[in-house]
1. What 222 nm value per residue comes from the helices of the chain, counting each DSSP H run with n ≥ 4 as -39,500 (n - 2.57) and dividing by all residues, nearest 500 deg cm²/dmol?
2. May I ask for the Rg/Rh ratio of the chain, computed from Cα atoms with Rh as the Kirkwood radius, given to two decimals?
Amino acid sequence: LLLFFEALFITSHAFRCPVDAALTLEGIKCGLSEKRLDLVINWVTQQRLTFSEEAGDVICDYGEQDTYNKAKCLALAQIIYSECGL
């Protein structure tokens, strides 16, 4: 499933056809459930996702559970919240 989301986000970015917010949220959840914060960081910083408040919340919650990566998660969530105008 993780490979599906990786391919989806890469091709949607290449074709300038963004993935909707619900599918983006599922992709983030999938990446984090597999402990692949590195992929989520790449997707967010390359702006391959459709940002939503819920996506930022999921990343924040993950940072609360994974205290080693909390600062990274908070920074990612801030990027998402800023893009959403929050």
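A short reminder: the numbers here are calculations on the coordinates, not readings from a lab. Computed from a predicted model, the values in this text were never measured in an experiment.
1. Value at 222 nm, helices only, nearest 500: -23000 deg cm²/dmol.
2. My calculation puts Rg/Rh at 0.94.
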